[in-house]
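In what follows, a structure is listed as structure tokens, so that the remarks can point back to it.
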Amino acid sequence: MLSERDIELAHPGAFDFVFGNLTSAKRAEFDRHLVGCRYCQGVVDEYGDIGRIIKSLPPHVEPPADLEDRTVA
């Protein structure tokens, strides 16, 4: 388990990398950074499984504005 300090020392984009939120150019840049950064490696190792689960979820869908009224009625 990573300490708070280890997480603080990781690159700000480490979680974006894990959760698939980087552009392909930023991802390539982070891949190069990852080779030499034990803090980012720790984040990727610790949160990689969660990232894969989140990436496999269906996209968010906003419910219709009147859903609550129809449900209560």
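The values are calculated or read from the model by the stated rules, or taken from the named source; none is laboratory data. This is a predicted model, so every value here is computed, not measured. Because the Cβ atoms are built from the backbone with ideal geometry, glycine has one as well, and the counts that use them run over all protein chains shown. These accessible areas exclude ligands, DNA and RNA; they are computed on the full protein's heavy atoms, side chains included. Shrake-Rupley method; radii C 1.70, N 1.55, O 1.52, S 1.80 Å.
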### Task
With everything on Cα atoms, drop me the angle between helix 24-36 and the longest principal axis of the chain, reported from 0 to 90° to the nearest 10.
40
### Summary
Averaged per residue, the 1.4 Å probe accessible area of the chain, protein heavy atoms only, in Å², is roughly 79
### Query
Hey, what angle do you get for helix 38-56 against the long axis of the chain, alpha-carbon based, 0 to 90 degrees rounded to 10?
30
### Inter-label distance, nm, simple model (7 Å from Cα along the C-beta direction), Glu8/His33
1.9
### Query
Check Leu22: other-chain or 5+ apart residues with amide H under 5 Å from its amide H, H built from backbone geometry?
none
### 3J(HN,Hα) from dihedral phi, the stretch 68-73, Karplus parametrisation 6.51/-1.76/1.60, rounded to Hz, x for glycine, proline
4, 4, 5, 5, 5, 5
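When all alpha-carbon pairs of the chain are counted, what percent fall beyond 19 Å?
Numbers: 1233 of 2628 pairs.
Here the tail beyond 19 Å accounts for 47 percent of pairs.
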### Task
Name the long-range amide H neighbours of His11: under 5 Å, sequence gap of 5 or more, or other chain; modelled H, no Pro or chain starts.
Cys40
#### Entry: Protection-proxy order for peptides 21-32, 60-71, 6-17, each taking the mean of Cβ atoms within 10 Å per residue, highest first
6-17, 21-32, 60-71
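Would you calculate a helix-derived [θ] at 222 nm for the chain, using -39,500 (n - 2.57) for each DSSP H run of n ≥ 4 and dividing by the full residue count, to the nearest 500? Kindly include the intermediate steps, with their values, before the conclusion.
Details: 5 runs with 49 residues, N = 73.
Calculated at 222 nm, the ellipticity per residue is -19500 deg cm²/dmol.
Ignoring ligands, DNA and RNA, please state the percent of accessible area on the stretch 1-62 from carbon and sulfur, probe 1.4 Å. Provide the component values of the computation, followed by the final result.
Details: 2610 of 4660 Å².
Its accessible area is 56 percent carbon and sulfur atoms.
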